[in-house]
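This report refers to the structure that appears directly beneath it.
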Amino acid sequence: MIHYSSCPLCDSKDTGLFIQTNDFFLTREPYSIFRCSNCGFTFTQDHPDESQAGNYYASEEYLSHNDSSGGVTGTLYRLARRIMLGRKRKIAEIACGITRGKILDIGSGTGHFLAEMKRSGWETIGVEISEKARQYSASVHGLDVIDPGLIQFIPSSSCDCITLWHTLEHFQHPFRYAEEIHRILKPEGICIIALPNCSSHDALHYRKFWAAWDVPRHLWHFSPSTMGFFADKAGFMVKAVKSLPPDVFYISILSEKYRRKSLHFVRGFLWGSWFYLISFFDRRKSSSLIYIIQKKA
Ligand SMILES: [Zn+2]
């Protein structure tokens with residue numbers, strides 16, 4: 001277990017219990033989420049170390065969204081994925097101001113996003129911890145995806161764009177990754193980080209049942225203000241913050257399920273619609289946020 005006696009972000013000793021929750025996804029084990037009184041950084045306290053973390057990922061399930069499953073669900077899933085991949089590509093191309101270049105995706109999973117970028121003419125490289133996912137990326141998409149231990153060999157100032165789609169919150173050493181990102185990114189390059197937002201309307205509503213706590217897989221629970229501190233500490237500045245709308249529906253439905261409410265799909269959809277609507281008035285309260293960051297001049 002990893003215990004933090006001070007804030008991992010600002011090093012203040014002034015941290016304390018923020019919320020007690022459970023691993024509702026897999027083991028039902030209890031976990032404490034701590035918050036720093038100085039900078040507001042929120043983190044999972046006493047989480048499994050690197051040698052144990054793998055036990056908390058139902059790896060087969062992560063890979064089970066294969067391309068051959070039939071039926072309405074399979075077809076809808078693939079359709080939704082196509083739409084989302086196209087949107088992510090647009091977000092990256094607009095943020096970078098180019099439609100061709102070199103992109104690194106950290107935590108590239110089964111490689112569908114990089115495959116979309118490659119089809120569109122980008123030069124791609126992926127970093128992925130799961131060996132099965134790396135093999136899948138290579139055999140199905142023909143992608144070059146490396147083990148995280150090899151990230152140090154990616155040349156400095158070589159990438160126009162680096163993306164982390166809901167992966168930074170899983171990493172045991174986020175600051176080490178931030179250093180590598182800073183090194184690998186070209187001076188004018190753009191890094192895109194998508195994360196759950198622990199100061200969102202849905203997080204405040206669902207409290208301990210908020211599905212995006214996802215302990216102990218999620219170790220860090222960012223908000224726009226703590227992402228600002230994190231970026232600054234790593235030598236970046238936040239250029240823009242965008243929301244990723246479909247996440248709020250998924251998170252609300254899952255949170256209702258964890259709360260063991262009847263008709264969780266309907267309730268989650270209705271609450272998700274409400275959170276989606278009110279987030280128009282304050283985007284920084286959206287369930288998930290995409291941070292577009294750039295190196296400081
Ligand atoms: Zn702090």
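Within region 221-242, the set of residues being surrounded by fewer than 21 Cβ atoms within 10 Å (Cβ to Cβ) and assigned to a strand (DSSP E or B) comprises MET237, VAL238, LYS239, ALA240, VAL241, LYS242. Scoring SER262 on the criteria (1) surrounded by fewer than 20 Cβ atoms within 10 Å (Cβ to Cβ); (2) at pLDDT 90 or above; (3) among the hydroxyl-bearing types (Ser, Thr, Tyr) leaves a single failure, condition (2).
Taking region 1-112 and the strands (runs of 3 or more DSSP E) fully enclosed by it, the elements with 2 or more residues that are surrounded by 12 or more Cβ atoms within 10 Å (Cβ to Cβ), at pLDDT 95 or above and within 16 Å of the ligand (Cβ to nearest atom) are at 15-22, 30-36, 42-45.
Scanning region 160-180 for residues that are under 26 Å from HIS3 (Cα atoms) and either of a type in the set (S, T, N, Q) or out of contact with any helix residue (DSSP H, G or I) (no Cβ under 6 Å at 6 or more places or on another chain) (or both) yields a count of 12.
Taking region 176-220 on its own, how many of its residues are assigned to a helix (DSSP H, G or I) and either touching a residue at least 60 places away in the same chain (Cβ under 8 Å) or of a type in the set (Ser, Thr, Tyr) (or both)? Residues flagged as assigned to a helix (DSSP H, G or I) and either touching a residue at least 60 places away in the same chain (Cβ under 8 Å) or of a type in the set (Ser, Thr, Tyr) (or both) within region 176-220 amount to 15. Within the set PHE222, PHE269, PHE249, PHE280, the sole residue that is in contact with a Leu (Cβ under 8 Å, 6 or more places away or on another chain) and aromatic (Phe, Trp, Tyr) turns out to be PHE222.
The values are calculated or read from the model by the stated rules, or taken from the named source; none is laboratory data. From a predicted model like this one, the values you see are computed outputs, not experimental measurements. Glycine also receives a Cβ, built like all others from the backbone with ideal geometry; neighbour counts cover every protein chain displayed.
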